[in-house]
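The values are calculated or read from the model by the stated rules, or taken from the named source; none is laboratory data. Being a predicted model, the structure only gives us computed values, none of them experimental. Glycine gets a Cβ as well: all are built from the backbone with ideal geometry, and neighbour counts include every protein chain shown.
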Amino acid sequence: MTQALTTRWTLIQRVFFVLLIAAAGPAGAQLKGDPERGATQAKTCVACHGRTGRGPMSGVPALSGQQSEFITIQLILIREGLRDIPDMTGMLKDFKDQDLADIGAFFSRMEPFSPRGSRDDARFSAGAELSKIMGCGSCHMKDYVGQRQVPRITNQREEYLAKTLTAYRDNKRSGVDTSMNAVMYKTTDADIAALAHYLAHQK
């Protein structure tokens, strides 16, 4: 692991630890997002990430139906500068943890994004086999709906999935741990394309 990636990983660990502390709250009270408050906080977000009945912009992940905890963690990482999203630079600087949890709750209550485009049976089958070999369902759960800080990846935008999987492979992105970097290590572009196609075209 490079020094830059090690430093970045240490910072991500610190943020995740702080988030866990915040989630416990006073006397063990959990930091819980309010979707109604989140609807107000997320007015700008839906312009790019979409809403129920309308998908996100090209190259932007669908957040509808996403795991609330995952969204909250990612927003904190972006706010703290630990995830570099140029289009979002500075957008979250005035948001508190509770605000971000509310946004997460808002999107998680939406109807999940539906697949777009036609399915290629050969690529779909290849991706299905790769998913079994790589154990995608062990963390992302059956039907790839995710759990807590592990994202929902079923029916996500295909081009976004391919871009994200490539970033993990090339150590340009890491999650709350480095498991995805290890899983994607040396995966070919063709395999990434097949896996993204498979995940993006679930029923």
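Condition first: aliphatic (A, V, I, L, M) and within 27 Å of residue 54 (Cβ to Cβ). Now tell me which residues in segment 116-155 satisfy that. Full working, then the answer.
Filtering segment 116-155 for residues aliphatic (A, V, I, L, M) gives 122, 126, 128, 130, 133-134, 141, 145, 150, 153.
Within segment 116-155, 141, 145, 150, 153 qualify.
For residue 161, are the conditions met, namely being closer than 28 Å to residue 38 by Cα and assigned to a helix (DSSP H, G or I)?
Values: closer than 28 Å to residue 38 by Cα: yes; assigned to a helix (DSSP H, G or I): yes.
It is true that residue 161 is closer than 28 Å to residue 38 by Cα and assigned to a helix (DSSP H, G or I).
Kindly indicate which of 30, 67, 13 is modelled with pLDDT of 95 or more and not assigned by TED's automatic domain parsing to the domain that holds residue 140. Working first, answer last.
Working: 30 fails: modelled with pLDDT of 95 or more; 13 fails: modelled with pLDDT of 95 or more.
So the residue among 30, 67, 13 that is modelled with pLDDT of 95 or more and not assigned by TED's automatic domain parsing to the domain that holds residue 140 is 67.
Of all residues being among the hydrophobic types (A, V, I, L, M, F, W, C) and under 18 Å from residue 113 (Cα atoms) in segment 129-164, which is surrounded by the fewest Cβ atoms within 10 Å (Cβ to Cβ)? Just the residue, please.
Within segment 129-164, the subset among the hydrophobic types (A, V, I, L, M, F, W, C) is 130, 133-134, 136, 139, 141, 145, 150, 153, 161-162.
Going one step further and asking which of them are under 18 Å from residue 113 (Cα atoms), we end up with 141, 145, 150, 153, 161-162.
Details: 141: 16, 145: 19, 150: 20, 153: 26, 161: 21, 162: 19.
Within segment 129-164, the match that is surrounded by the fewest Cβ atoms within 10 Å (Cβ to Cβ) is 141.
Please count how many residues of segment 109-131 are of a type outside the set (D, E, K, R) and assigned to a helix (DSSP H, G or I). Show your work before the answer.
Initially, segment 109-131 is screened for residues of a type outside the set (D, E, K, R), giving 110, 112-115, 117-118, 122, 124-128, 130-131.
Then keep just the ones that are assigned to a helix (DSSP H, G or I); that gives 122, 124-128, 130-131.
The total comes to 8.
Residues that are within 17 Å of the chain's Cα centre (by Cα), in the same structural domain as residue 60 (by TED's automatic domain parsing) and closer than 25 Å to residue 32 by Cα: does segment 113-120 have at least one?
no
Note down all Cβ pairs under 7 Å where the first residue falls in segment 133-149 and is in the same structural domain as residue 187 (by TED's automatic domain parsing) and more than 21 Å from residue 185 (Cα to Cα), the second is assigned to a helix (DSSP H, G or I) and aromatic (Phe, Trp, Tyr), and they're at least six residues apart or on different chains.
146/70; 149/70
Within segment 97-148, work out how many residues are modelled with pLDDT of 95 or more, farther than 18 Å from residue 162 by Cβ and in contact with a Leu (Cβ under 8 Å, 6 or more places away or on another chain).
7
Filter segment 92-108 down to the residues that are crowded, with 16+ Cβ neighbours inside 10 Å and in a loop (DSSP other than H, G, I, E, B) and list them by number.
92, 95, listed by residue number.
Going by the structure shown, is residue 42 over 15 Å from residue 153 (Cβ atoms), within 15 Å of the chain's Cα centre (by Cα), in contact (Cβ under 8 Å) with a residue 24 or more places away in the chain and crowded, with 21+ Cβ neighbours inside 10 Å?
In short, no.
Residue by residue through segment 78-91, note down the ones that are touching a helix residue (DSSP H, G or I) at 6+ places or on another chain (Cβ under 6 Å) and either crowded, with 19+ Cβ neighbours inside 10 Å or part of a helix (DSSP H, G or I) (or both). Show your work before the answer.
First, the residues of segment 78-91 that are touching a helix residue (DSSP H, G or I) at 6+ places or on another chain (Cβ under 6 Å): 78, 80, 82-83, 85, 88.
Scanning segment 78-91 gives 78, 83, 88.
For segment 167-177, name all the residues that are more than 16 Å from residue 151 (Cβ to Cβ) and either touching a Cys at 6+ places or on another chain (Cβ under 6 Å) or surrounded by fewer than 18 Cβ atoms within 10 Å (Cβ to Cβ) (or both).
Going residue by residue through segment 167-177, those that are more than 16 Å from residue 151 (Cβ to Cβ) are 169-172.
Across segment 167-177, the qualifying residues are 170, 171, 172.
Tell me, which residue of segment 131-184 that is under 22 Å from residue 60 (Cα atoms) and among the hydroxyl-bearing types (Ser, Thr, Tyr) is farthest from the chain's Cα centre (by Cα)?
To start, the set of residues in segment 131-184 that are under 22 Å from residue 60 (Cα atoms) comprises 136, 140, 143-176, 180-181, 184.
Now narrow it down to the ones that are among the hydroxyl-bearing types (Ser, Thr, Tyr): 144, 154, 160, 164, 166, 168, 174.
On the way: 144: 12, 154: 11, 160: 10, 164: 9, 166: 14, 168: 12, 174: 11 Å.
Filtering first and then ranking leaves 166.
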